[in-house]
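Inspection log for the structure reproduced underneath, given as structure tokens.
The values are calculated or read from the model by the stated rules, or taken from the named source; none is laboratory data. If you're wondering where the values come from, they're calculated on a predicted model, not measured in any experiment. Every residue, glycine as well, gets a Cβ built from its backbone with ideal geometry; the counts of neighbours run over all protein chains shown. Keep in mind that these areas ignore ligands, DNA and RNA; they rest on the heavy atoms of the full protein, side chains included. Shrake-Rupley method; radii C 1.70, N 1.55, O 1.52, S 1.80 Å.
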Amino acid sequence: MNSVIKLNTLQALDFDNSFTRALPCDPERANRRRQVSEACYSRVMPTSVSRPQLVACAREVAQTLDLDEQVCASDLFTEVFSGNQLLPGMDPYASCYGGHQFGNWAGQLGDGRAINLGEVLNSQGERLSLQLKGAGPTPYSRDADGLAVLRSSLREFLCSEAMHHLGVPTTRALSLVVTGEEVMRDMLYDGHPRLEPGAVVCRVAPSFIRFGNFQIHAARGETALLRRLADYTISTFFPHLGAPSPETYLAWFREVCRSTAEMIVHWMRVGFVHGVMNTDNMSILGLTIDYGPYGWLENYDQDWTPNTTDAGQRRYRFGEQARIAQWNLLQLANAIYPLIEQAEPLEQALNEYAAVYEQGWRRMMADKLGLASFDNALVSELTDILQQVETDMTLFYRRLALLRTDMKLDDEREWRDLLMPAWYQPQQLDAGYKSRMQNWLHRYLQQLKAEGVSDELRQKKMNAVNPAYVFRNYLAQLAIDKAEEGDYSMVHELLALFRQPYDEQPGREKFAEKRPDWARQRPGCSMLSCSS
Ligand code: AMP
Ligand code: MG
């Protein structure tokens, strides 16, 4: 095994900036908003801030960078990850990308408030790109300010880490810093702007390249540049695919389809709704990226979206995420078509996406139920029942794991008491619902008995895929309320909680409880806008 190197200073980080080295830079150096053509990025400096203060650092991410935890407590750490200082070897830039927003081509978007600092090569040979979000304007900021507020930055910081520990592919977050500046935001876009604390998150991922990075060059007819970006992406992140050729590009697209399908299966497993699945928010590495008005499913509802901006169309609702990802992949296929010039294998790959997703989803649903094999009728009846009365998805599966095969289901109290914590409004449980649930439980128990796994083993397996703790929307809001008053204790408490989301954590039971009634209609808990 490789020895673990611990760096006790930030200056020891080993930067290897492959993106800026391999790809063409915008020749204009002025940081003014503009269309940038024939280039993949613009060099740009983070904006200095007045009084940066570290709110939290994710020690696991620091460890991945080989950083000793004490480095995170240093003044230099806060200075660097607020954008006030650069380390030797950093080469800051904002990348150029486009995208389809809510189904429509939006033209150039780009890193409007993300500034990439550089790529670290860690002691394991892994490439980790560091990116500040909210560190000031770039040529891609359009009419916005390039900043981020504490509210949305806290949500991104904690959710990235929660998702990672849940086993969902995601970009990571190293740090959350408040800048000491105030930023004006109209949170609900209803004419009530207020000043909010500014903040910067440092995100970490092998790469932040999105579908939109390819789309922008395709849309502009910059085929040579499109090819350079694809070649760079493949040689750096998919080196096993070999030298560039139409076959290699196709194999690469198939891998993107596969990793995207796997990511969405995870979202469906844990009840994550991204909220803004625009093609500029789709990672080429199949990572969950750009945490904005996302939400966690509380009562099971296929049609739920947390994003008020999408409330009418509900394009990005929970139950649509797999289909939308396929639509986004189709846009990527269109973008890279000039490199392949054959439509049929691209279409085939998109069909494969659907098959991989379906297969993954079936496996996942069987796992959630602790069954060896997927039973379509059983699962579709369950998802109907879950939607019939308000049922907390997370609690339901944890409680279901407690079912025993020797239970007398005819005695309604047995199963009713067991599942009670999952129902939001027990008065909704009418006779029709009860008999339907009872019948379903009968069939479920029958299948469990047929498979002959012990209750203990089944419970263990179910609890390994059905989390006890997820980042419930109201928990985020409570942490934000406190943080805005300067109390960061809940950020640390949640960060610790989410390290073991599948384990019951004595003393922390309150974080597993269903959404309280006050949170039902409160902005931030049940509805979010893109304002961040
Ligand atoms: P999003 O919907 O957050 O993924 O953002 C879509 C586009 O808007 C991206 O190009 C972002 O960089 C840009 N953007 C969002 N918020 C800001 C902001 N406050 N300042 C500058 N650009 C922004
Ligand atoms: Mg985005």
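Tell me, what HN-Hα J-couplings in whole Hz come from the Karplus equation 6.51 cos²θ - 1.76 cosθ + 1.60 at θ = phi - 60° for each residue of segment 116-124, using x for Gly and Pro?
Along segment 116-124, the couplings run 7, 8, x, 10, 8, 9, 8, 5, 8 Hz.
At a Förster radius of 35 Å, what calculated FRET efficiency corresponds to the Cβ-Cβ distance of Tyr433 and His492, to the nearest 0.05?
The formula returns an efficiency of 0.25 here.
For Tyr97, list long-range residues whose amide hydrogen, built 1.01 Å from N in the peptide plane, is under 5 Å from its own amide hydrogen.
HN-HN under 5 Å from Tyr97: Leu109, Gly110, Asp111.
Over segment 241-368, what percent of the accessible surface lies on carbon and sulfur atoms, probe 1.4 Å?
The nonpolar share, carbon plus sulfur, comes to 47 percent.
Quick one: putting +1 on the C-beta of Lys and Arg, -1 on the C-beta of Asp and Glu, what dipole do you get for segment 226-335 around its Cα centre, in Debye to the nearest 20?
220 debye
Using +1 at the C-beta of Lys and Arg and -1 at the C-beta of Asp and Glu, which of Asn463, His164, Gly432 has the Cα lying farthest in the positive direction of the dipole of the chain?
Result: Gly432.
Give a quick list of trypsin sites (Lys or Arg not before Pro) in segment 1-104 that DSSP marks as loop, anything other than H, G, I, E or B, with at most 12 other Cβ atoms within 10 Å.
Answer by residue number: Arg29, Arg32.
According to the square roots a ≥ b ≥ c of the eigenvalues of the Cα gyration tensor, what is the shape class of segment 435-477, taking rounded for a/c under 1.5, prolate for a/b larger than b/c otherwise, and oblate for the remainder?
Oblate, since a/c reaches 1.5 and b/c is not below a/b.
Based on the Cβ-Cβ distance of Ala144 and Glu484, what FRET efficiency does E = 1/(1 + (r/R0)^6) give at R0 = 30 Å, to the nearest 0.05?
Result of the calculation: an efficiency of 0.90.
In debye, nearest 20, what is the charge dipole magnitude of the chain about its Cα centre with +1 on Lys and Arg Cβ and -1 on Asp and Glu Cβ, if you could check?
So the dipole magnitude of the chain works out to roughly 240 debye.
If I model a spin label as a point 7 Å beyond the Cα along the Cα-Cβ vector, how far apart are those points for Arg413 and Thr9 in nm?
7.1 nm
Taking the dipole about the Cα centre of the chain, with the C-beta of Lys and Arg at +1 and of Asp and Glu at -1, give me whichever of Leu386, Gly242, Leu225 is farthest to the positive side.
Value: Leu386.
Excluding residues fewer than 8 places away in the same chain, name every one of the lysines whose C-alpha is closer than 23 Å to that of Lys460.
Candidates past the 8-residue exclusion: Lys368, Lys408, Lys449, Lys510, Lys514.
For segment 77-136, which whole-number percentage of the solvent-accessible area (1.4 Å probe, protein heavy atoms only) is attributable to carbon and sulfur atoms?
With neighbouring chains kept in place, the figure for segment 77-136 is 43 percent.
Ignoring the sites themselves, what is the longest stretch of the chain with no GluC sites (Glu not before Pro) in a DSSP loop and at most 16 other beta-carbon atoms within 10 Å?
Values: sites that count: Glu28, Glu38, Glu126, Glu341, Glu485, Glu504, Glu513.
Segment 127-340 is the longest.
For the chain, what is the accessible area per residue in Å², given a 1.4 Å probe and the full set of protein chains?
Here the per-residue accessible area is 39 Å².
If you place +1 on the Cβ of every Lys and Arg and -1 on the Cβ of every Asp and Glu, how big does the dipole about the Cα centre of segment 376-452 come out, in debye to the nearest 20? Can you show the working numbers first?
On the way: 10 positive and 12 negative charges, 31 e Å.
Using only the charged Cβ atoms, the result is roughly 140 debye.
Average projected area of the Cα convex hull of segment 376-532, in nm²?
Taking the Cα atoms of segment 376-532, their convex hull projects to 11.3 nm² on average.
log₁₀ I(q)/I(0) of segment 10-211 at q = 0.12, 0.19 Å⁻¹, via Debye over equal Cα point scatterers, no solvent, to two decimals?
-0.60, -1.50
Compute the signed sum of charges (Lys and Arg +1, Asp and Glu -1) over the other residues within less than 10 Å, Cβ to Cβ, of Val120. Please list the in-between numbers first.
On the way: positive: Arg127; negative: Asp14, Asp16, Asp66, Glu119, Glu126.
Around Val120, the charge tally is -4.
Using a 1.4 angstrom probe on the protein heavy atoms only, line up Leu478, Leu229, Leu287 by accessible area, largest first.
Working: Leu478 60, Leu229 0, Leu287 25 Å².
So, going from the largest accessible area down, we get Leu478, Leu287, Leu229.
Given 5 Å bins starting at zero, what is the percent of C-alpha pairs of segment 473-519 in each, up to the one with the largest pair distance?
Bin by bin from 0 Å, the calculated values are 5, 19, 28, 25, 18, 5, 0.
So for the chain: antiparallel DSSP bridges make up what percent, rounded to the nearest 5?
For the chain, the DSSP antiparallel bridge percentage is about 90.
Rounded to a whole number, what is D in µm²/s for segment 86-127 from Stokes-Einstein with the Kirkwood radius over alpha-carbon pairs (25 °C, 0.890 mPa s)?
Details: Rh = 12.6 Å.
It diffuses with D of about 195 µm²/s by this estimate.
If you wrap a convex hull around the C-alpha atoms of segment 79-180 and split its volume per residue, what is the figure in Å³?
Each residue corresponds to 140 Å³ of Cα convex hull volume.
Pairs of alpha-carbon atoms within less than 8 angstrom and 6+ residues apart define the contacts here; what relative contact order does the chain have, in percent?
Taking the mean separation of contacting Cα pairs over the length of the chain, I get 14 percent.
Simple spin-label model, 7 Å along Cα-to-Cβ: Arg522 to Glu60 in nm?
Simple spin-label model gives 2.8 nm for this pair.
Against the globular-protein guess of 2.2 N^0.38 Å, express the Cα radius of gyration of the chain as a ratio, rounded to two decimals.
0.99
Leaving out ligands, DNA and RNA, what percent of the accessible area of segment 376-452 is carbon and sulfur, probe 1.4 Å?
Solvent-exposed carbon and sulfur of segment 376-452 make up 45 percent of the total.
Any idea which of Tyr357, Met268, Asn328 is furthest toward the positive side of the dipole for segment 241-368, if Lys and Arg beta-carbons carry +1 and Asp and Glu beta-carbons -1?
Result: Met268, furthest along the dipole toward the positive end.
So how tilted is helix 321-340 from the main axis of the chain? Cα-based, degrees 0 to 90, rounded to 10.
30 degrees
Compute the Rg/Rh shape ratio of segment 376-452: radius of gyration over Kirkwood radius, all on alpha-carbon atoms.
Answer for segment 376-452: 0.92.
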